[in-house]
Amino acid sequence: REPAAAPDELAAMVGLPAGAVSRPLWVDTGVEQLVLPVRSAAEVEAARPDPGLLSRHGRASPGGEAMAYLWAEAAPDHVTARLFFMAGGGVVEDPATGSACANLGGWLLATGATPPLRRVVDQGRAVRRPSRLELEVTAGRAILVGGQVVELGRGVLTV
């Protein structure tokens, strides 16, 4: 679904100039997120969200989590992406977001892309945790997300 805010308001929300965002959509392939296509990878990297505007425009529903997923084609079949969300009154950036990668697949389908298709998604460089996700949308319109992870911790909780 289309967001209530205009594309230029959403560009301002993430600290980008007017005209930087086009065809924004709320997409839900499991978790609803605001997907913002940005005109260049350099602008994705330059984004500096405004906490007040993110709180105002980045909520799917009143009281829901405020977030924005920015992405741009960096090369053929290669995407640069960042996901911002609010936590403790400030903006936090996620270094790798599988749910948002899936929503990128949903955005591609919603805007007329013809499957099958694949994208490599680079995320996390700005927070010094570079990550690479793999997106596949099958001919049957199934959305698959993969990648490798570095385990940061493990534990067991006994109740």
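The values are calculated or read from the model by the stated rules, or taken from the named source; none is laboratory data. Not measured: the values here are computed from a predicted model. Glycine also receives a Cβ, built like all others from the backbone with ideal geometry; neighbour counts cover every protein chain displayed. What goes into the accessible areas is simple: the full protein's heavy atoms, side chains included, and nothing from ligands, DNA or RNA. Shrake-Rupley method; radii C 1.70, N 1.55, O 1.52, S 1.80 Å.
Restricting the first member to segment 57-78 and to residues that are over 21 Å from residue 2 (Cβ atoms) and surrounded by 11 or more Cβ atoms within 10 Å (Cβ to Cβ), and the second to residues that are modelled with pLDDT of 95 or more and charged (D, E, K, R), the beta-carbon pairs closer than 9 Å and six or more apart or on different chains are 73/119; 74/122; 77/118; 77/119; 78/119; 78/122.
Considering only segment 96-110, I want to know if a residue exists there that is in contact with a strand residue (DSSP E or B) (Cβ under 7 Å, 6 or more places away or on another chain), small (Gly, Ala, Ser), touching a residue at least 60 places away in the same chain (Cβ under 8 Å) and more than 17 Å from residue 134 (Cα to Cα). Checking segment 96-110: at least one residue is in contact with a strand residue (DSSP E or B) (Cβ under 7 Å, 6 or more places away or on another chain), small (Gly, Ala, Ser), touching a residue at least 60 places away in the same chain (Cβ under 8 Å) and more than 17 Å from residue 134 (Cα to Cα). If the condition is being under 19 Å from residue 96 (Cβ atoms), in contact (Cβ under 8 Å) with a residue 40 or more places away in the chain and open to solvent by less than 50 Å² (accessible area, probe 1.4 Å), then segment 38-56 contributes only 49.
Looking only at segment 115-141, count how many residues are open to solvent by less than 100 Å² (accessible area, probe 1.4 Å) and either of a type in the set (Val, Ile, Thr) or out of contact with any strand residue (DSSP E or B) (no Cβ under 8 Å at 6 or more places or on another chain) (or both).
To start, the set of residues in segment 115-141 that are open to solvent by less than 100 Å² (accessible area, probe 1.4 Å) comprises 115-117, 119-124, 126-127, 131, 133, 135-140.
Then keep just the ones that are either of a type in the set (Val, Ile, Thr) or out of contact with any strand residue (DSSP E or B) (no Cβ under 8 Å at 6 or more places or on another chain) (or both); that gives 120-121, 127, 137-140.
Going through segment 115-141 one residue at a time, the tally reaches 7.
Restricting the search to segment 84-106, which residues are hydrophobic (A, V, I, L, M, F, W, C), open to solvent by less than 20 Å² (accessible area, probe 1.4 Å) and not in a strand (DSSP E or B)? The answer is 100, 101, 102, 104. Would you say residue 119 is at pLDDT 95 or above, within 17 Å of residue 73 (Cβ to Cβ) and among the basic types (Lys, Arg)? Yes, satisfied. Would you point out which residue out of 92, 127, 150 is farther than 21 Å from residue 32 by Cα and without any contact (Cβ under 8 Å) to a residue 24 or more places away in the chain? Residue meeting the stated conditions: 150.
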